[in-house]
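The values are calculated or read from the model by the stated rules, or taken from the named source; none is laboratory data. This one's a predicted model, so the numbers in the text were calculated from it and none came from an experiment. Here the Cβ positions follow ideal geometry from the backbone for every residue, glycine too, while neighbour counts run over all protein chains shown.
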């Protein structure tokens, strides 16, 4: 069954598999996430469930959002995310999605916001090689020529230039679940996932 859950990246550690291999895993505190709203193809044009994550004080929530929460749930939440599905028939508003919906060996796609790297040059941001370091060269880490002169007298869209690096939505696909800790609402994912420790991630089960 395809499903999804919202989580918070806690960091990386190492565990051992049953055959004694050391695995580098990312620990994610996932859920529990109540279903706040159910969207259907007939009413909304597509099938999806809207999940809430991390409780928030009611006085810190805007009136429209407060009304949205109180229609289905007594609590308010800091984060809302949609999980698109082929069919939402087996889900009900108010139902909680927990790590119990995942098993060891399942493949998931993880979406998060990449770490911010500040203002970066073309060598760090795009992997440019740079120019000669010696023999009187004045071309070291600059981007070099960026296009035409008299005509068309502009820089083309998409030209790789220095700029703000990171803080982008990134999805890493086909990550395997190495362990599920039901008692602590933890998922241990094999390998690295986007974002800083404490960052929000959305985990979508694909298999």
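Here are a few things to note about the model shown:
- From 88, 111, residue being modelled with pLDDT under 85 and surrounded by 14 or more Cβ atoms within 10 Å (Cβ to Cβ): 88
- Between 2, 9, the distinction of being surrounded by 12 or more Cβ atoms within 10 Å (Cβ to Cβ), assigned by TED's automatic domain parsing to the domain that holds residue 187 and modelled with pLDDT under 85 belongs to 2 only.
- Among the residues of this structure, residue 180 counts as one that is touching a helix residue (DSSP H, G or I) at 6+ places or on another chain (Cβ under 9 Å), outside any loop (DSSP other than H, G, I, E, B) and under 30 Å from residue 13 (Cβ atoms).
- Condition met for residue 11 (at positive phi and in a strand (DSSP E or B)): yes
- Residue 21 being at pLDDT 85 or above, out of contact with any strand residue (DSSP E or B) (no Cβ under 8 Å at 6 or more places or on another chain) and not assigned by TED's automatic domain parsing to the domain that holds residue 192: no
- Identity of the residue in region 40-65, at pLDDT 85 or above and part of a helix (DSSP H, G or I), that ends up farthest from residue 200 (Cα to Cα): 42
- Residues located in region 114-142, provided they are under 36 Å from the mean Cα position of the chain (by Cα), in a loop (DSSP other than H, G, I, E, B) and either loosely packed, with under 10 Cβ neighbours inside 10 Å or in contact (Cβ under 8 Å) with a residue 60 or more places away in the chain (or both): 114, 115, 127, 129
Table: residues versus (1) touching a helix residue (DSSP H, G or I) at 6+ places or on another chain (Cβ under 7 Å); (2) more than 30 Å from residue 165 (Cα to Cα); (3) assigned by TED's automatic domain parsing to the domain that holds residue 37.
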| site | (1), (2), (3) |
| --- | --- |
| 64 | no, yes, yes |
| 69 | no, yes, yes |
| 80 | no, no, yes |
| 83 | no, no, yes |
| 90 | no, yes, yes |
| 103 | no, yes, no |
| 106 | no, yes, no |
| 109 | no, no, no |
| 112 | no, no, no |
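- Every test in (1) exposed (fewer than 11 other Cβ atoms within 10 Å of the Cβ); (2) under 23 Å from the mean Cα position of the chain (by Cα) is passed by residue 34 save one, and that test is (1).
- Residue match in region 165-184 (condition: free of Cβ contacts under 8 Å to residues at least 12 places away in the same chain and over 30 Å from residue 197 (Cβ atoms)): no
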